[in-house]
Amino acid sequence: MPKQGDQFTVELKETHIGWGTYRYTNSRPQIEGECYIPIPSLDAHQYGIYNSIHTQGRDILGQNIFNAKSTDGYFDGVVKASGNSQAGDPYAKNLSGKGNLRAFNYWFNQMNVTVGTRIKVEWTSPTDILFTII
């Protein structure tokens, strides 16, 4: 599990900003405003960033859900580490609002996030994340 000081930086792509409408699958209706922050696979493995496969389907603070804030003050909420690169993989590939794929939408809009925006994701404790747009 992540610990204080663990961090990574990602550059957002169109699919991250517009997940609800810009997807490679038509498995569900398009939904405006859905977005997420990707987790690089190497970082997920290095820091032990797990999805709910690892927690047997439960949401556990410090394992697959985290309290999160942004340095600019526009985001404050609970995020969930989810998704995987292949079926059965316990390592997460993205962070999104827990139960709300639109959780980052207001923050992204207020900060004029576009393709190419870089976000630093830093654990300030095993249960807390700080997001910084750089």
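The values are calculated or read from the model by the stated rules, or taken from the named source; none is laboratory data. Remember, it's a predicted structure, so these values are computed and weren't measured experimentally. Cβ atoms come from the backbone with ideal geometry, glycine included; neighbour counts cover every protein chain shown.
Would you please list the contacts, defined by Cβ atoms under 8 Å and residues six or more apart or on different chains, that run from a residue in segment 58-70 that is under 27 Å from Asn109 (Cβ atoms) and assigned to a strand (DSSP E or B) to a residue that is hydroxyl-bearing (Ser, Thr, Tyr) and modelled with pLDDT of 95 or more? Correct list of pairs: Phe66/Thr127; Asn67/Thr127; Ser70/Thr132.
Taken over segment 98-134, the criterion of being within 17 Å of Gln63 (Cβ to Cβ) and not basic (Lys, Arg) is satisfied by Gly99, Val121, Trp123, Thr124, Ser125, Pro126, Thr127, Asp128, Ile129.
Cβ separations smaller than 7 Å between residues 6+ apart or across chains give no pair from segment 98-123 residues that are at positive phi to residues that are buried (at least 18 other Cβ atoms within 10 Å of the Cβ) and of a type in the set (Gly, Ala, Ser). Selection within segment 101-134: residues that are surrounded by 14 or more Cβ atoms within 10 Å (Cβ to Cβ) and polar (S, T, N, Q). The member of this set that is farthest from Lys3 (Cα to Cα) is Asn105.
Going by the structure shown, is Thr114 polar (S, T, N, Q), modelled with pLDDT of 90 or more, out of contact with any helix residue (DSSP H, G or I) (no Cβ under 9 Å at 6 or more places or on another chain) and outside any strand (DSSP E or B)?
Criteria not met by Thr114.
One residue is enough: does segment 60-68 have a residue meeting the conditions surrounded by 15 or more Cβ atoms within 10 Å (Cβ to Cβ), at pLDDT 90 or above and farther than 14 Å from Pro2 by Cα? No; the residues of segment 60-68 include none that is surrounded by 15 or more Cβ atoms within 10 Å (Cβ to Cβ), at pLDDT 90 or above and farther than 14 Å from Pro2 by Cα.
Residue check: is Lys80 of a type in the set (Lys, Arg), loosely packed, with under 15 Cβ neighbours inside 10 Å and in a strand (DSSP E or B)? Spell out the reasoning first.
On the way: of a type in the set (Lys, Arg): yes; loosely packed, with under 15 Cβ neighbours inside 10 Å: no; in a strand (DSSP E or B): yes.
Here the answer is no, as Lys80 does not meet what is asked.
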